[in-house]
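A.B. asks: Below you'll find the structure I mean.
The values are calculated or read from the model by the stated rules, or taken from the named source; none is laboratory data. Here the structure is a predicted model, which is why all the values come from computation and not from measurement. Quick reminder, even Gly has a Cβ in these numbers, built from the backbone with ideal geometry, and neighbours come from all protein chains shown.
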């Protein structure tokens, strides 16, 4: 006889995701109305999301109206790091929840003081599993893989890479020092998410940032 608990667990999960998808559609409609590219940044903790955003906000300051929704379990440390870089910043603390969901993003979007951002970055909670299941209403997902994490990370956590529209390999300025096997990492990425573009970046030196900015502009041009 089958376990009677399992079907109920599946139903509950699907109900939660159905509700999330409905709110995500509304979020996407909001961003579309603003003609704002919404980019969901996902990675493990410490992969360099905040450093990437600090560099990106500084580079694009005055060129684009930017907003950032920052997701963390606790503190506003990341939001503070991004202050005074010309962007509208909203902090979301999730408590013991290991991901942002569409409702959190909807509430954060209501708090933006500038209702005409051209690009809104959503810095998701550092986690390689939970965030992959939740559509936030973004137009694109960018997954970061740092050189310090191990070349086989895409094979160990395939789902989050399967959902990516772009892969950023971060902290390339220390790749040689730690013995990062670039070819092994690229091979793992190509096996896990074939055809997804890969940009190697360093927020410290600026390596790959022009290509990253160009990708943002290309994606934004697709919004009608």
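A.B. asks: Consider residue 148 carefully, then state whether it is under 16 Å from residue 49 (Cα atoms), surrounded by fewer than 19 Cβ atoms within 10 Å (Cβ to Cβ), at pLDDT 95 or above and touching a helix residue (DSSP H, G or I) at 6+ places or on another chain (Cβ under 6 Å).
C.D. replies: Working: under 16 Å from residue 49 (Cα atoms): yes; surrounded by fewer than 19 Cβ atoms within 10 Å (Cβ to Cβ): yes; at pLDDT 95 or above: yes; touching a helix residue (DSSP H, G or I) at 6+ places or on another chain (Cβ under 6 Å): no.
No, not satisfied.
A.B. asks: A further question follows. As an exercise: evaluate residue 207 against (1) surrounded by 14 or more Cβ atoms within 10 Å (Cβ to Cβ); (2) in contact with a helix residue (DSSP H, G or I) (Cβ under 7 Å, 6 or more places away or on another chain); (3) in a helix (DSSP H, G or I) and give the number of the one condition it does not meet.
C.D. replies: (3)
A.B. asks: Give the residue, chosen from 166, 207, that is under 28 Å from residue 34 (Cβ atoms), in contact (Cβ under 8 Å) with a residue 12 or more places away in the chain and in contact with a strand residue (DSSP E or B) (Cβ under 8 Å, 6 or more places away or on another chain). Let's see the steps before the verdict.
C.D. replies: Numbers: 207 fails: under 28 Å from residue 34 (Cβ atoms).
Answer to the selection: 166.
A.B. asks: While we're here: Within the range 188-204, can you find the residues that are assigned to a helix (DSSP H, G or I) and either touching a residue at least 40 places away in the same chain (Cβ under 8 Å) or closer than 13 Å to residue 145 by Cβ (or both)?
C.D. replies: Step one: list which residues in the range 188-204 are assigned to a helix (DSSP H, G or I), which gives 188-192.
Passing the criteria: 188, 189, 190, 192.
A.B. asks: While we're here: What number of residues within the range 32-56 are surrounded by fewer than 21 Cβ atoms within 10 Å (Cβ to Cβ) and not in a loop (DSSP other than H, G, I, E, B)? Give the steps one after another, and end with the answer.
C.D. replies: Taking the range 32-56 and keeping what is surrounded by fewer than 21 Cβ atoms within 10 Å (Cβ to Cβ), we get 32-35, 44-46, 51, 54-55.
Then drop every residue that is not not in a loop (DSSP other than H, G, I, E, B), which leaves 32-34, 51, 54-55.
Of the residues in that region, 6 qualify.
A.B. asks: It is to be established whether one or more residues within the range 91-103 are within 11 Å of residue 67 (Cβ to Cβ) and in contact with a strand residue (DSSP E or B) (Cβ under 7 Å, 6 or more places away or on another chain).
C.D. replies: Of all residues in the range 91-103, those within 11 Å of residue 67 (Cβ to Cβ) come to none.
For the range 91-103, residues within 11 Å of residue 67 (Cβ to Cβ) and in contact with a strand residue (DSSP E or B) (Cβ under 7 Å, 6 or more places away or on another chain): absent.
A.B. asks: Please work out which one of (1) in a helix (DSSP H, G or I); (2) out of contact with any strand residue (DSSP E or B) (no Cβ under 6 Å at 6 or more places or on another chain); (3) farther than 21 Å from residue 54 by Cα is the condition residue 115 fails and give its number.
C.D. replies: Answer for residue 115: the failing condition is (1).
A.B. asks: In addition: Count, please, the residues in the range 91-112 that happen to be crowded, with 19+ Cβ neighbours inside 10 Å and in a strand (DSSP E or B).
C.D. replies: 2
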